[in-house]
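This is the structure, below, for whatever I ask next.
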Amino acid sequence: MATVLRPSFSPSSNTQESPHIQELIAKLELVPHIEGGFFKETDRAPDTVPSPFPFEESSTSELAPKLPGFNPQVRNSSTTIFYLLTPNGLQGGFHRNKARIIHTLHQGRGRYVLIHADEGGEQKRVETFVVGHDVAKGEKLQWIVEGGKYKASFLLPDEEGGKESQGLLISETVVPGFEFCDHDFLSPAGLKGLLGEEQAKDLSWLLSPLGKE
């Protein structure tokens, strides 16, 4: 990461979203997500597979009720959600999932920051990229985050150099399907342990308040 990242928007004192975003949230039936932003689960495959993950309680295991009949030994083969960042829900704090996640862009622009915690080395590699529709400039329409990597995301203006955004809307497909016991947030101490004190300080604004010590 060549430059220090900074937020593109500041939280507004006006908590009301724009009419376009309000309509999008209503039409897609989105609700607030614990990672930040808004979401709706749109598909949970009916078939199941043996879970490839040992069952462990995570930092988010108790933040959402388990589905009726949840069996820690199996997973649905996949799950899919809509996920939306807005000027009033403008970033998703560092978190990781044990499963592989395929992301597909629908509208808007944003920046993703990945910490490759699953790789070797004392200080972990940080990767950052922009998602958007200008593929000629290297913006991504689709991206994959393998299990075990921490990711954070934040909203960018719809046009490079602009000041407005009508929201970043994506789909995420998790394989095998999402369960909160496979998910956790990064703590301040964990960030420092992965990146060292100086780089951790630069990225601490991307920590979720749920990433407790």
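For the range 170-213: of the residues being within 14 Å of the chain's Cα centre (by Cα) and aromatic (Phe, Trp, Tyr), which is nearest to residue 115 (Cα to Cα)?
The qualifying residue nearest to residue 115 (Cα to Cα) is 185.
Please specify each residue of the range 167-213 satisfying the condition of being of a type in the set (S, T, N, Q), crowded, with 17+ Cβ neighbours inside 10 Å and either in contact with a helix residue (DSSP H, G or I) (Cβ under 8 Å, 6 or more places away or on another chain) or part of a helix (DSSP H, G or I) (or both).
Correct list: 199 only.
Let me ask something else. Does residue 92 qualify as being open to solvent by less than 30 Å² (accessible area, probe 1.4 Å), part of a loop (DSSP other than H, G, I, E, B) and either aliphatic (A, V, I, L, M) or under 25 Å from residue 44 (Cβ atoms) (or both)?
Judged against the criteria, residue 92 is not a match.
From the list 120, 167, 162, which residue is more than 14 Å from the chain's Cα centre (by Cα) and at positive phi? Spell out the reasoning first.
Details: 120 fails: at positive phi; 162 fails: at positive phi.
Criteria check complete, one pass: 167.
Ok, one more. Can you tell me how many residues in the range 32-73 are at pLDDT below 95 and of a type in the set (A, V, I, L, M)?
Number satisfying all stated conditions: 4.
The values are calculated or read from the model by the stated rules, or taken from the named source; none is laboratory data. In this text the structure is predicted, and so the values were computed from the model without any measurement. A quick note on method: Cβ atoms are made from the backbone with ideal geometry, for glycine too, and the neighbour counts reach across all protein chains shown. In case anyone asks, the SASA skips ligands and DNA or RNA and just uses the protein heavy atoms, side chains included. Shrake-Rupley method; radii C 1.70, N 1.55, O 1.52, S 1.80 Å.
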